[in-house]
Amino acid sequence: TGLATVRRTAHIFHLTLVLGAANFSAGMAVSTNIIFFEKTLDLEGWQAGVIYAMNGLGGIAGSLVISRVVGRLGMGRTVLLGIAAVTTGVFLTALTTATTWSTLATAGSVLVGFGVAVAVISSASLRQHVVAGPLLGRVAATFRLVVDGAVAIGALVGGVIGEFIGIPQALVIAAGVGVVVCLAGSGTRL
């Protein structure tokens, strides 16, 4: 029932596809980030910890501004803004060197946290707005299966790319996928 509802409800169907593709990209980045920090940049554990802490601060910031952003852009465009922020953050991380980690990687992490919070909150609000109450749980379960499952597949692909092409290249490719998702998503009915 959840799958059928997602399929026949245009907004939710497009939202599921767009966020599934975005999470595929995010999975690619997540699977390579820590290796990038540790092996490529040779960062200490505390440095990686600072970078990841900034992710949390970005999430808090996103949760504090979400209602104003949705009021200005609408729910669908706010989802795309979140994806664009994550994509920009991944790209900044890919550009990071051992000497720029404290600026580029931390800024990238803030953007990723901000983007995830904005996309998650606005997509949940969109589902709640469009789907009838009795079907909401089933639609949410179907949505989560597709969107969260894409992270695992993206992580596998990111790991393979990192192994055979290179970790920094995997991050750039992940950001590139995010750009394609933003462009394709802007042409959908979100």
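The values are calculated or read from the model by the stated rules, or taken from the named source; none is laboratory data. From a predicted model like this one, the values you see are computed outputs, not experimental measurements. Here the Cβ is made from the backbone with ideal geometry for all residues, glycine too, and neighbour counts use every protein chain on show. Ligands, DNA and RNA are stripped out before the accessible areas are found, and what is left, the full protein with its side chains, is counted by its heavy atoms. Shrake-Rupley method; radii C 1.70, N 1.55, O 1.52, S 1.80 Å.
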Subset of the stretch 154-190 [farther than 25 Å from residue 78 by Cα, touching a residue at least 24 places away in the same chain (Cβ under 8 Å) and open to solvent by 70 Å² or more (accessible area, probe 1.4 Å)]: 156
Select from the stretch 79-104 the residues that are more than 17 Å from residue 180 (Cα to Cα), part of a helix (DSSP H, G or I) and polar (S, T, N, Q) and list them in ascending order. 93, 102, 103
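Here is a check on your reading of the model: is residue 30 among the β-branched types (Val, Ile, Thr), open to solvent by 30 Å² or more (accessible area, probe 1.4 Å), closer than 16 Å to residue 113 by Cα and over 19 Å from the mean Cα position of the chain (by Cα)? If you could, list the steps in order and put the result at the bottom.
Details: among the β-branched types (Val, Ile, Thr): yes; open to solvent by 30 Å² or more (accessible area, probe 1.4 Å): yes; closer than 16 Å to residue 113 by Cα: yes; over 19 Å from the mean Cα position of the chain (by Cα): no.
For residue 30, the condition - among the β-branched types (Val, Ile, Thr), open to solvent by 30 Å² or more (accessible area, probe 1.4 Å), closer than 16 Å to residue 113 by Cα and over 19 Å from the mean Cα position of the chain (by Cα) - is not met.
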Give me a count of the residues in the stretch 69-93 that are of a type outside the set (Ser, Thr, Tyr) and open to solvent by 20 Å² or more (accessible area, probe 1.4 Å). 14
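Specify the residue that is nearest to the chain's Cα centre (by Cα); the eligible residues are those in the stretch 82-128 that are closer than 15 Å to residue 19 by Cα and of a type in the set (Ser, Thr, Tyr). Break it down stepwise before answering.
Here is the first cut: in the stretch 82-128, the residues closer than 15 Å to residue 19 by Cα are 82-87, 112, 115-127.
This time we only want the ones that are of a type in the set (Ser, Thr, Tyr), so: 87, 122-123, 125.
Details: 87: 7, 122: 13, 123: 12, 125: 17 Å.
It comes out as 87.
Can you say whether residue 120 is touching a residue at least 12 places away in the same chain (Cβ under 8 Å) and either in a helix (DSSP H, G or I) or open to solvent by 30 Å² or more (accessible area, probe 1.4 Å) (or both), as far as the supplied structure shows? If you could, list the steps in order and put the result at the bottom.
Numbers: touching a residue at least 12 places away in the same chain (Cβ under 8 Å): yes; either in a helix (DSSP H, G or I) or open to solvent by 30 Å² or more (accessible area, probe 1.4 Å) (or both): yes.
Taking the combined requirement at face value, the residue satisfies it.
Regarding residue 110, is this residue in a helix (DSSP H, G or I) and closer than 30 Å to residue 34 by Cβ?
yes
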Extreme residue, nearest to residue 106 (Cα to Cα), among residues of the stretch 31-43 that are assigned to a helix (DSSP H, G or I) and in contact with a helix residue (DSSP H, G or I) (Cβ under 6 Å, 6 or more places away or on another chain): 37
